[in-house]
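The values are calculated or read from the model by the stated rules, or taken from the named source; none is laboratory data. Just so you know, these numbers come straight off a predicted model, no measurement behind them. Don't worry about glycine lacking a Cβ; one is built from the backbone with ideal geometry, like all the others, and counts go over all protein chains shown. Surface accessibility is based on the protein's heavy atoms, side chains included, excluding ligands, DNA and RNA. Shrake-Rupley method; radii C 1.70, N 1.55, O 1.52, S 1.80 Å.
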Amino acid sequence: EKLGLGRPALPEEVAAWDKDVRPDGLGLPDGSGSVEDGEMIFADSCAVCHGDFAEGVGNWPKLAGGANTLDHADPLKTVGSYWPYLSTTWDYVHRSMPFGDAQTLSADEVYAIVAYILYSNDLVEDDFVLSKENFLEVEMPNADGFIVDDREETELPLFTAEPCMENCKDTVEVTMRAAVLDVTPDIGEEAAAETPAEAEVAEAAPAAEEPPAAETAALDPEMVAKGEKVFKKCKACHQVGEGAKNRTGPVLNGVFGRTAGMVDGFKYSKVMAAAADDGLVWDHETLSAYLENPKAYLPKNKMSFAGLKKEEDRAAVIAYLRSFD
Amino acid sequence: AGDPLITEIQPWAQGLGEGVDATPYGLPIKYEGDVVRRNVEWLTADTISSINFTPIHALDGTITPQGCAFERHHSGAIELRKEDYRLMINGLVDTPLVFTYADLERFPRVTRTYFLECAANTGMEWAGAQLNGSQFTHGMIHNMEYTGVTLRTLLEEAGVKPEGKWVMVEGADASSNARSIPLEKAMDDCLVAFKANGEALRMEHGYPVRLCVPGWEGNMWVKWLRRIEVGDKPWESREETSKYTDTLEDGTSRKWTWVMDAKSVVTSPSPQMPITHGKGPLVITGLAWSGRGAIARVDVSVDGGKNWKEARLAAPGQDMALTRFYLDHDWDGSEMFLQSRAIDSTGYVQPTKTQLREVRGLNSIYHNNCIQTWWVKPSGEAENVEVS
């Protein structure tokens, strides 16, 4: 019956991948973290999308608030108002966050972040410390708010009657029109705007042998094309080009050659504002150093990004950004 | 004078076309450049964690080409080489195992066609008619012929212990999407797939290996499948508690609403596919599907549900796969309120929006399988509407 394919998984391999945590606490590692520590880690690693108080930024998820809204129109579903198990928060933060830098948080850091999210939802006091030991004692407000799929009992009897075929109703009136809301994307002109052939050119652009000299006048189109690919890593937070707007990160048009921290309407971190006051200018050298390791270059800045470790990637993305000067 | 396209020699009839190898992997001709996936920007914060929509309005038949089949990523589509691929089975098994891609190719293989529908498909329409086009209202779906190994085969290779009742399936990308599946379903028809429509999966659909969970919501079809853990209880991951749960009017929420209810939509005419030929013969066509079995019948109404006609199925319905239907109609040029109604092999009849709202309220987000209405005007243009 068994084919003898595959090989036994080694214990260290299982340990490396089996990180999931269940509501009964199965899988929780030893460790602990305080609300106080969590506030700092959250500000560094999470606030860029989820806000300093877990209130959410733009369309990114709100993690706090929404108590007693589940039976209202447009309920606000957060860890506090909706999530039935605390283990889910721990598990998700540990395995899937921060966005773009996943699986880098230590167990203690995750305990601290989860403690801070609980605090943001007014579920614990500011001196609370979450640990493996007290984890199962935390009560989640909506723990009893779920029922197992009951469609078979509640819906199937209603939706299995022989359907009417003729003269099923007297009148048909329009009660709602999509054109009134007008939220459909405009699809008139975009067709074939970006042909697959162009994408293939970018794909095929060979990696640059070495980065261009710091202040070359003309941009190498191959480098720009390669940089556009590298920029995919940045697009979660940054926009560049015509119509670009501030998102999680500031718009990057004209970033090359200008003083740091100068985009209108973007709320920079204190350290970025201070660096700007000190005269930090984004040239090839400073941008490259920043992009190599954002957290080391400017500790406590908002950019939650692991960095571009390859010199050629940094040079390419800088060339790409320069094409929007 | 006759039609110059006939009476005059055309360039393509005189000169030469492209040679073989002009496109080693062929793409649609440029004139079909508008048959593409599209997203709705305001829906999500960013395209890295987002969804787009299959251009179902412009397709026919039932198989969705991979190149325009909708995408849903939680941390972006990753590039994972076959050589770097590993699949682990651990937990309550006799022997935790690791398979390479080459190992998977040596197990007995099966080929099956299934639809994959996102639980949020049509979710924007709960509160009212919103989006003008079947691509946007119903395009979070695709239907492919998958080739792979049954999950049962792999689980039996590892040996499930008697106390094992659930499996957790996890992806290799940064989102680590994890879903709990009852062992019964895992042993029934789930498929660990490495080919779709005859060729390798596309990166955006989980290359090199994804899971198929026939008839159940798309989020469970974990892409870049890297681990299957057997346990005695469900995991209650983020995607099965905070998301993919359906809040009812009183504030309680249904969980484990895995199966996709029977559903259908007229794909043409529709807002993106206006009638341009005036009155007379008109092909009304659409898609129907059910997560509980096969489509048995589809009815079409041109008067907003007053009267219905049984449509013609392109082929007999197949379990958990898309079915194409046609109604050959003689359009008199007056306005129509086009609807379709699917009936599956269990006798389930696709409900109206009103019927669904009476049971579920407006806050469910997911699993909206109501009857859709297109208001086709005498001009041939169509609009997404709700009717009494």
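Key figures
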{"item": "Segment A:217-240 residues that are within 11 Å of chain B (Cβ to nearest Cβ), paired with ones that are of a type in the set (Phe, Trp, Tyr) and buried (at least 20 other Cβ atoms within 10 Å of the Cβ) (beta carbon under 7 Å, 6 or more apart)", "result": "A:236/A:99"}
{"item": "Members of segment A:297-325 found to be touching a residue at least 24 places away in the same chain (Cβ under 8 Å), in a helix (DSSP H, G or I) and open to solvent by 30 Å² or more (accessible area, probe 1.4 Å), listed by number", "result": "A:311, A:312, A:322"}
{"item": "Residues (more than 22 Å from residue A:76 (Cα to Cα), part of a loop (DSSP other than H, G, I, E, B) and open to solvent by 20 Å² or more (accessible area, probe 1.4 Å)) located in segment B:337-368", "result": "B:345, B:346, B:347, B:352"}
{"item": "One residue from A:173, A:137, A:133, A:155 being surrounded by fewer than 17 Cβ atoms within 10 Å (Cβ to Cβ), facing chain B (nearest Cβ under 9 Å), of a type in the set (Asp, Glu) and farther than 21 Å from residue B:239 by Cβ", "result": "A:173"}
{"item": "Filter result (in contact with a Lys or Arg (Cβ under 9 Å, 6 or more places away or on another chain) and among the β-branched types (Val, Ile, Thr)) within segment A:86-135", "result": "A:88, A:89"}
{"item": "Subset tally (residues that are charged (D, E, K, R) and within 13 Å of another protein chain (Cβ to nearest Cβ)) for segment B:115-130", "result": "1"}
{"item": "Wholly enclosed helices (runs of 4 or more DSSP H) of segment A:1-118 bearing at least 2 residues within 14 Å of another protein chain (Cβ to nearest Cβ)", "result": "A:11-17, A:47-50, A:86-96"}
{"item": "Residues of segment B:369-380 that turn out to be more than 10 Å from every other protein chain (Cβ to nearest Cβ), open to solvent by 10 Å² or more (accessible area, probe 1.4 Å) and more than 28 Å from residue B:258 (Cα to Cα), as a count", "result": "3"}
{"item": "Selection from segment B:164-184 of residues that are outside any loop (DSSP other than H, G, I, E, B), in contact (Cβ under 8 Å) with a residue 12 or more places away in the chain and open to solvent by 20 Å² or more (accessible area, probe 1.4 Å)", "result": "B:166, B:182, B:183"}
{"item": "Residue among B:8, B:41 that is closer than 30 Å to residue A:246 by Cβ and open to solvent by 100 Å² or more (accessible area, probe 1.4 Å)", "result": "B:41"}
{"item": "Residue match in segment B:223-234 (condition: within 13 Å of another protein chain (Cβ to nearest Cβ), part of a loop (DSSP other than H, G, I, E, B) and touching a Ser or Thr at 6+ places or on another chain (Cβ under 7 Å))", "result": "yes"}
{"item": "Check on residue B:253, over 22 Å from the mean Cα position of the chain (by Cα), under 21 Å from residue B:384 (Cα atoms), within 13 Å of another protein chain (Cβ to nearest Cβ) and surrounded by 18 or more Cβ atoms within 10 Å (Cβ to Cβ)", "result": "no"}
{"item": "Residue in segment B:63-83 that is over 30 Å from residue B:271 (Cβ atoms), charged (D, E, K, R) and not in a loop (DSSP other than H, G, I, E, B) present", "result": "yes"}
{"item": "Leading residue by the ranking (farthest from the other protein chains (Cβ to nearest Cβ)) among those in segment B:256-274 that are part of a loop (DSSP other than H, G, I, E, B) and open to solvent by 10 Å² or more (accessible area, probe 1.4 Å)", "result": "B:274"}
{"item": "Residue tally, condition in contact (Cβ under 8 Å) with a residue 24 or more places away in the chain, touching a Pro at 6+ places or on another chain (Cβ under 9 Å) and of a type in the set (Phe, Trp, Tyr), over segment A:241-274", "result": "1"}
{"item": "Residue list for segment B:298-326, filter: within 14 Å of chain A (Cβ to nearest Cβ) and either out of contact with any Lys or Arg (no Cβ under 7 Å at 6 or more places or on another chain) or surrounded by 19 or more Cβ atoms within 10 Å (Cβ to Cβ) (or both)", "result": "B:298, B:299, B:300, B:301, B:302, B:303, B:304, B:305, B:307, B:308, B:309, B:311"}
{"item": "Failed criterion for residue A:64 (all others in (1) closer than 23 Å to residue B:363 by Cβ; (2) at pLDDT below 95; (3) crowded, with 18+ Cβ neighbours inside 10 Å hold)", "result": "(2)"}
{"item": "Failed item in (1) more than 14 Å from chain A (Cβ to nearest Cβ); (2) in a loop (DSSP other than H, G, I, E, B), with residue B:27 passing the rest", "result": "(1)"}
{"item": "Residue within segment A:36-47 that is under 23 Å from residue B:42 (Cα atoms), outside the structural domain of residue A:300 (by TED's automatic domain parsing) and either among the charged types (D, E, K, R) or open to solvent by less than 60 Å² (accessible area, probe 1.4 Å) (or both) present", "result": "yes"}
{"item": "Subset tally (residues that are closer than 27 Å to residue B:156 by Cβ, of a type in the set (Phe, Trp, Tyr) and more than 12 Å from chain A (Cβ to nearest Cβ)) for segment B:58-114", "result": "2"}
{"item": "Residue match in segment B:199-213 (condition: touching a residue at least 40 places away in the same chain (Cβ under 8 Å) and in contact with a Ser or Thr (Cβ under 8 Å, 6 or more places away or on another chain))", "result": "no"}
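Conditions tested, residue by residue: (1) modelled with pLDDT of 95 or more; (2) not polar (S, T, N, Q).
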| position | (1), (2) |
| --- | --- |
| A:47 | no, yes |
| A:52 | no, yes |
| A:58 | no, yes |
| A:72 | no, yes |
| A:94 | yes, yes |
| A:100 | no, yes |
| A:103 | no, no |
| A:117 | yes, yes |
